[in-house]
Amino acid sequence: MRATSVRVFLFLFCSISFTIAWGQDDMNISYKETPLKNVLSGLEQKTGLLFSYSDEVVAAKTVTLSAKSIEISLLLRLLQENTGLMFERVGENQVIISVPSNKTSVCGYLFDALSKTPLPYATILVNHSSNGYTTDENGYFSIEYENLQQGVLFQYVGYATQLLASTDFGKTNCRNILLYPKAESLKEVVVKSYLIKGIDKNKDGSLSIKSSEQDALPGLVEPDIFQSIQWVPGVTSINETLSDIQIRGGSPDQNLILFDNIKIYNAGHFFGMVSIFNPNITAGATVFKGGASPEYGNRISGVIDIQGEHQVPEKTAIGIGLNGTQVDAFVKARLNDKVGLVVSGRRSYTDVFGFETPIFSAISEKVFQNTVIVDNGSSPIVDVEEEEASLLEGNETFYFYDANAKLILKPSDKDSIYLSALLTNNDLNFRLLDEENISQDILTTENQGISFKWSGIRAGRWKHSLSGYYSNYETGYRNVFREEQEVQEENLRRNAVEDYGLDLRMGYDLNETHEFTLGYQTSTNTVFYQLFRDQSGIEDIEPEDEDPEGVDSSQDNRDFNEISTRSNTSNAFYGDYSLRTKNRGLIRLGIRASNFSILEDWFWEPRLNVEYPLANFFRLKFTGEKRYQAISQLVEFEDTQSRLESGIWTLTDNEDFPLLESQQFSGGVLIDFSGWTFDLDAYVKKIDGLTSFTNGFTSASEDYSRGSSDILGLDFLMKKQLGDYRIWMGYTYNTVEYQFNELADSKFPGNNDITHNLTLSSTYNSGNWKFSLGWNYRTGAPFTPIAGFNNTTGDITFGDINSLRLPDYHRMDASAQYHFPLSSKKSAKGLFGISLQNLYAREVPLSIFYRVDENPDTGLQEIERLEQLSLGIAPNFLVRFSF
């Protein structure tokens, strides 16, 4: 009985098991737009399977499927194809449903294509993201990423960048990648998007600005290098111009400005309000506030090294643009695989069409028509809106233009040859009316320059370059002051600088960590200037006479006529050793030895630059340098009314114009993590060789004095990036103290002593739109008050030099850009941009000077204080098309 029961039980169990197994492997189904969740519930009952899933994963999924006698494995595969989800069978009865992963795994080794040595710590960017990877000490890398649609970008200092798609890695997804050395060494970036996209921080402490990649900045309708760097702590312009950039308390003439190795002596159109460099053909710039390589010489402050296009265009491109000050056009032509040509031109247009745009009118008012006359020269300085002052009437004929051309040759992967040319011009005829008085200003300024460069690499480790340049700068200025149609005063300034030179450089990479560079530079400067003044009024000048060379300076009855022509040939040898540590640190030791023929002596300039990371996100910084400068600007600080372009370049003679010498030390930290950037630099700078002729004090003292300056400063940046939104704060504390024993018994604030400078800025990108808003505040510049005035003799008694300050300066700027395609072709693009400088229209004096005039009714002398005001509200626009 018991055995029979067991046999019956086994028979029933096998029958049931067979029925279940048959039901699981072969069934009929029919669904039409049925929610996936309902399908899964039904299948669990039919098959005995257990489906594990998240409600969010299956919520929006439906199934349309019909089949007879279908097996479970095929059913799961069809459900996967129907829903786009992953159905993974785990064990006998459990199925896990999930969203499929798009991750791609790629790996490989990075090698030098010539020497076949590995490239350690190379930068790897996925889909052009700012978050990158690095190779290890053996050049190996491994990346797992969800989507590699835009490929993997490999970058290494001194090598050509290479972009690979995920399909380039083959079935194994792992391969050897060869990078070819390139003639131009690239600076290694440690902080991408230091302020905004297109402004990066390099390992050596310099900034890289790439105009073609740059996002919007407050008040800019399109990228401009000189406007952009003013949002960087430690860089400012007291008079709101682009040409008078002051870096860490130095004066504008102490900055070395290069364009394709051409030395630039005037960087601005429209009296510095518009840059002379067309951003559409500018590949980028490298900016040093300190710690510059010894290859940069004969300037004692900052370095702004601007580079034009340096790659053969992938295809020919044409662009045209129009904004509130000028119209421009450019062509980037691909002649063949190894030859490219870039040509561009810009010109102001208001003189042609006879009308002024709002931005042109605002700049004109600042430059020409907002000279405020305060009848009582000793009255306090207050904001313009609180002060009753008269604006002088004026009319001007003015235009500017510039042109660039560059030939790019790539005869091989290891060689690059460039030929570059630059031409800029400004012309002005301005008349200023003040009751019965007429003042006329005629000004022409022109820059010309050409350069060539051949650079290459040999045997994988030897780098060489040979470059040369020619630069010619000329300016002529004439001012005539009439009283009741009779010439009372006549002033003339002429200045010309001819500069040409060669640079030969050799570099050797001992290995991945040690690099040596040796170089030789020679240059010749010939500088001419004439300062002429006549108050006798014996010669009248007709308004149409615009030739500044028309004055006969040989007449003996002129009040003042100084003419100077001097030449100097400098020869310099420099060397540089760089240690690149495995943790992306840098130790650079440099030395420069310069000989100036005008002084017949050698001068040694040691340089030190250290950036050492204590962690991936934390770096320590230190720089030290000594530098000399043999050419500088004197300020012809006479009491002419318009005071246009008063800087005059002159060479040292080691007597009236001594050799400038500076020493600078800085130290700080750089922190970059999780979208936060903190950058802190403290610095001290000592400058010797200053004179009262080269600094132009408002006391207008005729006594020659030689002096020095002591600069103490701190630069701080804090930035946070949240997706497409960036916000940052920049702050500079800077004290500049002058010591001129003939002018004052003790130290006093320098002319450029701007103690506090604060910027608050933000940018936001949304689709095709880019927005930016920023606010700038700084303390007012110092000036010298009047202590007394004799209305009989017209003599002025000045108070303590630079003992008072102008009102604090602040303004808010905004800009917006809209990018859009012109056709289905990605190369055809359009851009609309608008900007507004000084949103709340606040105007304050930026500088003051004084004029003594005779009252025609009383015959007594009167003193007038003339105040140059800041820019009023200034709207601008941009329309640009590129094909």
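Structure summary
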quantity: Residue-normalised accessible area of region 230-365, given per residue in Å² at a 1.4 Å probe; calculated: 28 Å²
quantity: Label-point gap, in nm, between ASN437 and VAL339 - each point 7 angstrom along Cα→Cβ; calculated: 6.1 nm
quantity: Intensity falloff of region 204-329 expressed as log10 I(q)/I(0), Debye formula with alpha-carbon point scatterers, at q = 0.11, 0.15 Å⁻¹; calculated: -0.38, -0.70
quantity: Region 768-883 - Rg over Rh from alpha carbon coordinates, Kirkwood radius; calculated: 1.29
quantity: Rg/Rg_globular for region 678-819, with Rg_globular taken as 2.2 N^0.38 Å and Rg from C-alpha atoms; calculated: 1.44
quantity: Protein-only accessible surface order, largest first, of TRP462, TRP676, TRP604 at 1.4 Å; calculated: TRP604, TRP462, TRP676
quantity: Nearest-0.05 FRET efficiency for LYS68 and VAL99, computed from C-beta distance (R0 30 Å); calculated: 0.50
quantity: Estimated distance in nm for a label pair at LYS32 and GLU92, the labels positioned 7 Å out from Cα along Cα-to-Cβ; calculated: 3.8 nm
quantity: Cα convex hull of region 432-531 - mean projected area over all directions, nm²; calculated: 9.9 nm²
quantity: Residues TYR349 and THR581, FRET efficiency given R0 of 56 Å [Cβ-Cβ distance, rounded to 0.05]; calculated: 0.55
quantity: Contour excess over end-to-end distance, with Cα ends at ILE873 and TRP676 and 0.36 nm allotted per residue; calculated: 67.6 nm
quantity: Rh (Kirkwood; distinct C-alpha pairs) - region 467-515, Å; calculated: 15.9 Å
quantity: Full-stretch length increase - SER766, HIS810 - with 0.36 nm per residue and alpha-carbon distance subtracted; calculated: 13.0 nm
quantity: Centroid-to-centroid separation of region 615-633 and region 232-298 [C-alpha atoms, Å]; calculated: 16 Å
quantity: Two-site FRET efficiency, ASP857 against ALA787, from Cβ-Cβ distance with R₀ of 22 Å, rounded to 0.05; calculated: 0.25
quantity: Over 30 Å between alpha carbons, listed pairs LYS116/LYS453; LYS582/LYS720; LYS414/LYS770; LYS263/LYS414; LYS192/LYS686; calculated: LYS414/LYS770; LYS192/LYS686
quantity: Extension gain from MET718 to ALA165, taking 0.36 nm per residue of separation minus the Cα-Cα distance; calculated: 195.5 nm
quantity: Distance between modelled label sites at ALA60 and ALA283, nm, 7 Å Cα→Cβ extension; calculated: 4.5 nm
quantity: With every protein chain in place, region 804-883: carbon and sulfur % of accessible area (1.4 Å); calculated: 61 percent
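The values are calculated or read from the model by the stated rules, or taken from the named source; none is laboratory data. Here the structure is a predicted model, which means the values were calculated and not measured. All Cβ positions, even for glycine, are placed from backbone atoms using ideal geometry, and neighbour counts span all protein chains on display. Note: accessible area is taken over every heavy atom of the protein model, side chains too, but ligands, DNA and RNA are not part of it. Shrake-Rupley method; radii C 1.70, N 1.55, O 1.52, S 1.80 Å.
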